[in-house]
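Undergrad: Below: one structure in structure tokens.
The values are calculated or read from the model by the stated rules, or taken from the named source; none is laboratory data. Just so we're clear, the structure is a prediction, and the values are computed from it rather than from any experiment. Heads up, the Cβs are rebuilt from the backbone with ideal geometry, glycines too, and the neighbour counts pull from every protein chain shown.
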Amino acid sequence: MIQVVAEGEARAHFEELLGIVGECAALPLRLKADKIATAKGSGPGPEPPSSTLQSRMTEMITDQRITATLEIATSLTFGLFGRPQRFNAAFALDVADGVREAGVALTIHEMWENYTAQGLPGPWATRFGPAHQAALGVEAAVMSELAGHALDRVASVQDKSAGRAVTVLDYHWQYVVISPASSGAGATRNSYSAARQDRRPLRSFTLAGATMTDPLNQETITEAVKILTANPRATAGITGELASRIRNQIAVTLKEDYYLQEKEPELGLEKEDAKGKGADLGDLRSFVDSTPVTNDAPHGQIIITIPG
Ligand SMILES: [Zn+2]
């Protein structure tokens, strides 16, 4: 089941959002006694724009054992992990106005994250990593099906250089840029606008001399970080057998992740802290790009791109 705590305007926003999610899932969704339900007498439509959305929504709605809980909040962007999961429906509607698939995919991310977490064992906080990882998978599938081509969130960054933060989501083959409106306080509708933007190459670096046993070339890493710092919306894809070590080194140098510093980035450890493994996926500026390397730089290549 999916339980929704929402009142007044927040409830109206969530119901509007549910209408869009329902269209994309070919499911007539509505709120009934604070639970998401499909309208009486109507099964799933034959050809949903997103079959993943249809199957995941159906699974959650019909599950009598696990209840996902959403509280519609206005004082945040995106959502916030917890029981209940806090989620801003007005924000998601704003995103859907500009990039429909992103508004819907970010909504299912929050629902699926909480649903997954509710079903996991162990202390609540440690469920975040695995639940977030599962949610990213569903987000990518829904995004790709609605857009008609592969879109998988690999990185993200907040550009705070002009005051209020602009969020850049890197879906590997395309960016989604979410900007605050020039007016509006952030808690109401039309506080944000979202747009698709292409990947524009900025710089690339090759770590030719690096080997699995030699230390990474810190000078090259520093140079790459300098480019990222000077271009606050840029992200970096890293290919090659040393990709995971390079990515961690960049995250530490950018001071994005103090945990990696404590855990020796050169070991290439995946993040597995109090929040659970998978917690930083899709949320750092650099990512391991698994696109096969066919050039003469098999060890490591940093490719920095920017929206626009
Ligand atoms: Zn998440």
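Undergrad: Before we move on, is Gln54 outside the structural domain of Pro180 (by TED's automatic domain parsing), in a loop (DSSP other than H, G, I, E, B), more than 16 Å from the ligand (Cβ to nearest atom) and not charged (D, E, K, R)?
TA: No, not satisfied.
Let's see how each residue does on (1) outside the structural domain of Thr62 (by TED's automatic domain parsing); (2) among the small types (Gly, Ala, Ser):
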{"position": "Ala105", "(1), (2)": "no, yes"}
{"position": "Met111", "(1), (2)": "no, no"}
{"position": "Asn114", "(1), (2)": "no, no"}
{"position": "Ala134", "(1), (2)": "no, yes"}
{"position": "Gly163", "(1), (2)": "yes, yes"}
{"position": "Gln174", "(1), (2)": "yes, no"}
{"position": "Ser193", "(1), (2)": "yes, yes"}
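Undergrad: Anything in region 117-135 that is near the ligand (Cβ under 10 Å from one of its atoms) and either among the polar types (S, T, N, Q) or not in a helix (DSSP H, G or I) (or both)? List them, or say none.
TA: Selection gives Gln133 alone.
Undergrad: Additional query: Is there any pair with a first residue in region 5-18 that is more than 13 Å from Leu70 (Cα to Cα) and a second that is part of a helix (DSSP H, G or I) whose Cβ atoms are under 7 Å apart and which are 6 or more apart or on different chains, and what are they?
TA: The qualifying pairs are His13/Ala89; His13/Ala90; His13/Leu93; Glu16/Leu93; Leu17/Ala89; Leu17/Ala92; Leu17/Leu93; Leu17/Thr107.
Undergrad: As an exercise: evaluate Glu113 against (1) away from the ligand (no atom under 14 Å from the Cβ); (2) closer than 22 Å to Val168 by Cα; (3) at pLDDT 95 or above and give the number of the one condition it does not meet.
TA: Unmet for Glu113, out of (1) away from the ligand (no atom under 14 Å from the Cβ); (2) closer than 22 Å to Val168 by Cα; (3) at pLDDT 95 or above: (1).
Undergrad: Taking only pairs six or more apart or across chains, which ones have beta-carbon atoms under 9 Å, a first residue in region 114-131 that is buried (at least 19 other Cβ atoms within 10 Å of the Cβ), and a second residue that is assigned to a helix (DSSP H, G or I) and of a type in the set (Phe, Trp, Tyr)?
TA: Close Cβ pairs satisfying both conditions: Ala117/Trp124; Ala117/Phe128; Ala131/Trp112; Ala131/Tyr115.
Undergrad: Need the failing condition index for Asp198 against (1) of a type outside the set (Phe, Trp, Tyr); (2) more than 24 Å from Thr167 (Cα to Cα); (3) at pLDDT 95 or above, just the number.
TA: Result: Asp198 passes all but (2).
Undergrad: Could I ask something else about it? Can you pull out the residues in region 92-103 that are within 15 Å of the ligand (Cβ to nearest atom) and out of contact with any strand residue (DSSP E or B) (no Cβ under 6 Å at 6 or more places or on another chain)?
TA: If the condition is that a residue be within 15 Å of the ligand (Cβ to nearest atom) and out of contact with any strand residue (DSSP E or B) (no Cβ under 6 Å at 6 or more places or on another chain), then Ala92 is the only one that fits.
Undergrad: Scan region 156-165 and tell me whether some residue there is modelled with pLDDT of 95 or more and within 16 Å of the ligand (Cβ to nearest atom).
TA: Checked against the condition, which is being modelled with pLDDT of 95 or more and within 16 Å of the ligand (Cβ to nearest atom), region 156-165 yields no hits at all.
Undergrad: Let me ask something additional. Val138: within 14 Å of the ligand (Cβ to nearest atom), among the aliphatic types (A, V, I, L, M) and assigned to a helix (DSSP H, G or I), yes or no?
TA: Answer is yes for this residue.
Undergrad: Let me ask you something else. Across region 64-82, what is the number of residues that are among the small types (Gly, Ala, Ser) and away from the ligand (no atom under 15 Å from the Cβ)?
TA: Final tally of qualifying residues: 2.
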